[in-house]
1. Note down the nm distance, to one decimal, between modelled labels 7 Å out along Cα→Cβ at residue 152 and at residue 263.
2. Calculate the all-directions average of the projected area of region 67-248's alpha-carbon convex hull, and give it in nm².
3. Simple spin-label model, 7 Å along Cα-to-Cβ: residue 374 to residue 255 in nm?
4. Across 10 Å bins from the origin, how do the percents of Cα pairs in the chain run, short distances first?
5. Once Rh is set to the Kirkwood radius over Cα pairs, what Stokes-Einstein translational diffusion coefficient, in µm²/s, holds for region 249-448 at a temperature of 25 °C and a viscosity of 0.890 mPa s?
6. So what is the 222 nm mean residue ellipticity for the chain from helices alone, if each DSSP H run of at least 4 adds -39500 (n - 2.57) and you divide by all residues, rounding to the nearest 500 deg cm²/dmol?
7. Per the Kirkwood definition applied to all pairs of different Cα atoms, how many angstroms is the hydrodynamic radius of region 215-293?
8. Whole Å is fine, so just give me how far the alpha carbon centre of region 100-142 lies from that of region 214-241.
């Protein structure tokens, strides 16, 4: 009897141990995706790429051609990049920032050799560090491509400086352990971010030697999130985290799309910060800025579709309102919510810069406009800036900042390379920690079924 009882105990214990192991493996299996998302996200979301082979080929060609702008219009002496393809155009500090990232991408894609990319990057950063005119580390919006001196009475710009620093830091990550990384950090450390607050809780747009600080501050949602992140996380002269919480997050709605909106309604305001920061992984209280940019993109398309009777340029496959060159000069075009300034001008970069947010809508749109108007809107350096069918007007000009957002957002949509590297930077981690931004437990994939919206022919 005792022997039988002991045998039953051993059998029961063995079954419990085996059952416990099976249960443990089951729990581990359930938890593994969450753990992988937290520690090795590329393993999971790399398979969710929503692009067909044909789409990838098209996007890679656009990206490769667009990068040629930053090679062709980089000054041979300084490496500084011109604001536009217009003859005699000065250097734009923001364009130069995008160029630094573009050359690094070209190296990793094999479109530039290591020496070509590195030497051009090094030349540019040496010029930025030693020659380009600045005030307390803040670079003037426009400078001479030859001398680096201020032109056009432009301001020492907080936002343009942030875009230059972001590109430099990314290049430093690609060329880690080299003089490029050292120069990028030196340029970053020189910026006195706190000075640009001018004793307020907000960061000012800029400063002029003739009149001092501009009367405009980054006081509502716009493209300045990357500026705030770099300023708060800075290794020298940082701004306090209250600067992040001091600007307004006004909400508006168009159709069924609820958006924390930018005043202009221009799509670039929902794109520029996302070129570097992967907002899928962080939440600001209850605001998901990646989802917000997706809503702004779809609202922009809907706004154009709703107004196609007024403007022949607009339809579900002719849309994209952002700051660009138009028939009457450069304007901050946009839809609703926002001021909604428009005259029928469509910006190609507005669509390309939103590819990560809504690929099922943006890629067919971009391909449609390319196939229909290729001879008028495409160049050896990628898309020209814009067009307006009502005015029968086609831009001949190509703008550096617009080419920059095309390159970085296509690269993020295809490989997420820029996001992956940039999010590992200590200043970005510091900004997330200081501002108590929540780390999202689940990454919203760009290929979610909710993005597979119908697009009219």
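1. Once both label points are built, they end up 1.9 nm from each other.
2. Values: hull surface 40.2 nm².
Quarter of the Cα hull surface area: 10.0 nm².
3. Rounded to a tenth, the inter-label distance reads 2.9 nm.
4. 4, 20, 30, 25, 10, 3, 3, 2, 1, 0, 0
5. Roughly 143 µm²/s, to the nearest whole number.
6. -15000 deg cm²/dmol
7. Working: mean 1/r = 0.0747 Å⁻¹.
Computed over region 215-293, the radius equals 13.4 Å.
8. 23
Just so you know, all these numbers are worked out from the coordinates, no wet-lab data involved. This one's a predicted model, so the numbers in the text were calculated from it and none came from an experiment. For neighbour counting, all protein chains shown are included, and Cβ atoms are generated from backbone atoms with ideal geometry for every residue, glycine included.
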